[in-house]
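Asker: Here it is, the structure in full.
The values are calculated or read from the model by the stated rules, or taken from the named source; none is laboratory data. Just so it is clear, the structure is predicted and the values come from calculations on it, not from any experiment. Backbone-built Cβ (ideal geometry, glycine too); neighbour counts: all protein chains shown. The protein model used for the area step is the full one, side chains on, heavy atoms only, and it has no ligands, DNA or RNA in it. Shrake-Rupley method; radii C 1.70, N 1.55, O 1.52, S 1.80 Å.
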Amino acid sequence: QVQLVESGGGLVQAGGSLRLSCVASGSLCRFFRMGWYRQAPGKQRELVATITSGGSTNYADSVKGRFSISRDNAKNTMYLQMNSLKPEDTAVYYCNYYCELSNYWGQGAQVTVSS
């Protein structure tokens, strides 16, 4: 089992920045993929960005150039730096950990961007 704890959500004005953190603990894998997903009210959960154990990253087109995903292996922590935030970025952001055919999710962090 893997446990994920997110932090860093909040309310920000359009154009502002926030940083989300996700700490992973438990039975961690050597090879894994971590990522951030988001779900806005009335919409399906969608991919925001992912990062593999090898450091490869992938971003949704809607956040490219504005968001940056990173990780600190020593702290088992993943980050999402969100800049130039837009009202359409408002959603609950979920941390995801995938390894050995198992998917784990955090509890979610609310991000609200006011216009």
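Asker: Report those strands (runs of 3 or more DSSP E) wholly inside the range 55-115 carrying at least 1 residues which are aromatic (Phe, Trp, Tyr). Spell out the reasoning first.
Answerer: Details: elements: 57-59, 67-72, 77-82, 91-99, 102-105, 109-114.
It comes to 57-59, 67-72, 77-82, 91-99, 102-105.
Asker: Looking at 4, 11, can you tell me which residue is part of a strand (DSSP E or B) and surrounded by 15 or more Cβ atoms within 10 Å (Cβ to Cβ)? I'd like the intermediate steps shown before the answer.
Answerer: Working: 11 fails: surrounded by 15 or more Cβ atoms within 10 Å (Cβ to Cβ).
Matching residue, one of 4, 11: 4.
Asker: Hey, could you check the range 48-61 for residues that are surrounded by 15 or more Cβ atoms within 10 Å (Cβ to Cβ) and of a type in the set (Gly, Ala, Ser) and say which is farthest from residue 4 (Cα to Cα)? Reasoning before the result, please.
Answerer: The initial filter retains those residues of the range 48-61 that are surrounded by 15 or more Cβ atoms within 10 Å (Cβ to Cβ), namely 48-53, 59-60.
Narrowing the set further to residues that are of a type in the set (Gly, Ala, Ser) leaves 49, 53, 60.
On the way: 49: 16, 53: 16, 60: 22 Å.
Among them, the one singled out is 60.
Asker: Check whether at least one residue in the range 20-35 is touching a residue at least 40 places away in the same chain (Cβ under 8 Å), touching a Gly at 6+ places or on another chain (Cβ under 7 Å), under 18 Å from residue 66 (Cα atoms) and open to solvent by 40 Å² or more (accessible area, probe 1.4 Å), and report yes or no. Steps first, please.
Answerer: To start, the set of residues in the range 20-35 that are touching a residue at least 40 places away in the same chain (Cβ under 8 Å) comprises 20-25, 28-29, 31-35.
Narrowing the set further to residues that are touching a Gly at 6+ places or on another chain (Cβ under 7 Å) leaves 20-22.
Subset that is under 18 Å from residue 66 (Cα atoms): 20-21.
Next, from what is left, pick out any that are open to solvent by 40 Å² or more (accessible area, probe 1.4 Å): none.
The answer is no, given that none of the residues of the range 20-35 is touching a residue at least 40 places away in the same chain (Cβ under 8 Å), touching a Gly at 6+ places or on another chain (Cβ under 7 Å), under 18 Å from residue 66 (Cα atoms) and open to solvent by 40 Å² or more (accessible area, probe 1.4 Å).
Asker: Find the residue count for the range 39-54, including only residues that are among the small types (Gly, Ala, Ser), farther than 18 Å from residue 24 by Cα and either part of a strand (DSSP E or B) or in contact (Cβ under 8 Å) with a residue 12 or more places away in the chain (or both).
Answerer: Residues in the range 39-54 being among the small types (Gly, Ala, Ser), farther than 18 Å from residue 24 by Cα and either part of a strand (DSSP E or B) or in contact (Cβ under 8 Å) with a residue 12 or more places away in the chain (or both): 1 in total.
Asker: Name the single residue, out of those in the range 36-47 being out of contact with any helix residue (DSSP H, G or I) (no Cβ under 9 Å at 6 or more places or on another chain) and hydrophobic (A, V, I, L, M, F, W, C), that is surrounded by the most Cβ atoms within 10 Å (Cβ to Cβ).
Answerer: Applying the filter and picking the extreme gives 36.
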